[in-house]
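Engineer: I have a structure I would like to understand better, so I am pasting it below and will then ask my questions one at a time.
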Amino acid sequence: MSPFSTTLAFFIKFLIFDEIFKNFLSYIIVRRLLLDYNTNLVDFIDLINFTLHKDFLEKWRHKYSIKFIKLFQLKILDSLSKRKVIKITSLYNYLTRKCRYCPDQVLNFFETIDISIYNPLISGEISEIK
């Protein structure tokens, strides 16, 4: 066997191994992304479930009024039923202008509940309001 054919055979084996390895890595990466996606989806659904549950009301009723929390829950529920994303600015305007709550109270509520974790449902950042 000539050195050329040995090198060629080695090179072909390397290419085949490299392709198998790339496919395996792609499989692992896709599987990992799907697992992360499913985990994040379940976590988000749990968050929405908790937000709409009476436990959320019980948790925050000592710091904020029950009516205020229920209005927030209704906007979340309304967004889910209409399948629309809520802009943080429109939620802020709704609570401050239409419902006549103090702007500081609304901002404090957004910061306290960490409104950013509702990202797929509520778009925007608190810095857009300030």
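Read-outs throughout are calculated quantities, based only on the coordinates presented, and are distinct from any laboratory measurement. Keep in mind the model is a prediction, meaning the values are calculated, not measured. Positions of Cβ are backbone-derived with ideal geometry, glycine not excepted, and every protein chain shown enters the neighbour counts.
Engineer: Using a ≥ b ≥ c from the Cα gyration tensor of the stretch 72-130 (square roots of the eigenvalues), is it rounded, prolate or oblate, where a/c under 1.5 gives rounded and otherwise the larger of a/b and b/c decides, a/b for prolate?
Structural biologist: Working: a/c = 1.78, a/b = 1.27, b/c = 1.40.
Oblate shape, in that a/c is at least 1.5 and b/c is the bigger or equal ratio.
Engineer: For residue 87, list long-range residues whose amide hydrogen, built 1.01 Å from N in the peptide plane, is under 5 Å from its own amide hydrogen.
Structural biologist: Long-range HN contacts for residue 87: 123.
Engineer: When we measure straight from the Cα of residue 130, which lysines land under 19 angstrom away, once same-chain ones fewer than 8 places off are left out?
Structural biologist: Leaving aside lysines fewer than 8 places away in the same chain, those within reach of residue 130 are 87, 98.
Engineer: For the stretch 53-130, with the dipole built from +1 on Lys and Arg beta-carbon atoms and -1 on Asp and Glu ones, taken about the Cα centre, which of 108, 79, 121 lies farthest toward the positive end?
Structural biologist: 79
Engineer: Read phi for every residue in the stretch 87-99 and hand back ³J(HN,Hα) as whole Hz from Karplus 6.51 cos²θ - 1.76 cosθ + 1.60, θ = phi - 60°, with x for Gly and Pro.
Structural biologist: 7, 4, 5, 6, 5, 4, 5, 4, 6, 8, 8, 6, 8
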